[in-house]
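Notes for the one structure printed next.
FYI, it's all coordinate maths here, none of it is from the lab. Bear in mind the structure is a predicted one, so any value in this text is a computation, not a measurement. Cβ placement follows ideal geometry from the backbone for every residue including glycine, while neighbour counts extend to all protein chains displayed.
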Amino acid sequence: MTDRQHKILSAIVEQYAEVASPVGSSLLAKVFGVSSATIRAEMVELERNGYIHQPHTSAGRIPTDKGYRMYVNNVGEHKETSDQRRASRALTARVEGGGLPERTIRNAVDTLVELTHNLGMATLGDQLYMSGLSNLFGQPEFIDGTQVQQVARLLDNLEPWLREAAPNEPLSVYIGAENPIGRNAGASLIISRFRSPYSDRSYIGVLGPTRQQYRDVMRLVSQAGKALEEALYE
């Protein structure tokens, strides 16, 4: 993939996350300062290699699972905006002021729900905390009943799968069909592992559509894990 193709893919991922509609060449031409024909030629290559696809004739393009994976694997650190700083401070403050462990966990999950507009979940020992189902099923991707069933299947099996698989990375991202359950749900699971006095394999994260602001959500989930680890060991 060329550098320009990588930048175009990143722009498609980020724009699609924001507007929830296919991204056209004319918009990207303005962003990159080149002709629409140049963008279309690059889109053809990205589509040929499986990173984007055209949902219907005359539409723009949307990322595939492969495109999202390329984006996530190469997402870099960016200078925090003022909105991102406020979100980070709010998350840390809610976690630090939780008090009892159960309240601390619930505060962290509820804050992730508010900030990411996804479903939030956490495990502590053998307990599963979950919040934000209305956020999840309010997304346009989940209007279809078949996908809702796949998401429900994923949620029903999430806790036993986490116990069995025990993802060992500080931050893990499972995109679409990468999910071991609910492969056809069109959902992404972003989870952070953290240590606590109750278990060294506790998790906090979010579940939402594959259409995500991955950089922001990954940063917040990672921060939530670190903040919980510090708060629960105080």
Tell me which of PRO101, SER196, GLY67 sits at the most positive position along the dipole axis of the chain, charges placed on C-beta atoms (Lys, Arg +1; Asp, Glu -1).
GLY67
Could you pull the Cα extents of region 3-74 along its three principal axes, largest to smallest, in whole Å?
28, 27, 24
Residue separation times 0.36 nm, minus the C-alpha to C-alpha distance between ALA90 and GLU18: what's the value?
23.7 nm
Those residues of region 182-211 whose amide nitrogen sits under 19 Å from the label point placed on ALA166, 7 Å along Cα→Cβ:
191-204
Given R₀ = 22 Å, FRET efficiency for TYR129-ARG153 by Cβ-Cβ distance, to 0.05?
0.65
Considering just Cα atoms, how many Å³ per residue does the convex hull of region 82-232 enclose?
93
All other residues with a Cβ under 13 Å from the Cβ of VAL148 taken together, and with Lys, Arg as +1 and Asp, Glu as -1, what is their net charge?
-2
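Using a cut-off of 14 Å between beta-carbons, work out the net charge of the residues near SER21 (Lys and Arg +1, Asp and Glu -1, SER21 not included). Before the final figure, lay out each step's value.
Working: positive: ARG61, ARG211; negative: GLU14, GLU18, GLU141.
That sum, taken over residues with Cβ under 14 Å, equals -1.
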Just to compare against my own numbers: the Cα pair-distance distribution for region 1-151, 10 Å bins, whole % per bin, please.
10, 28, 29, 23, 9, 1
Within-11-Å neighbourhood charge of GLY67 [Cβ basis; K, R +1; D, E -1]:
+1
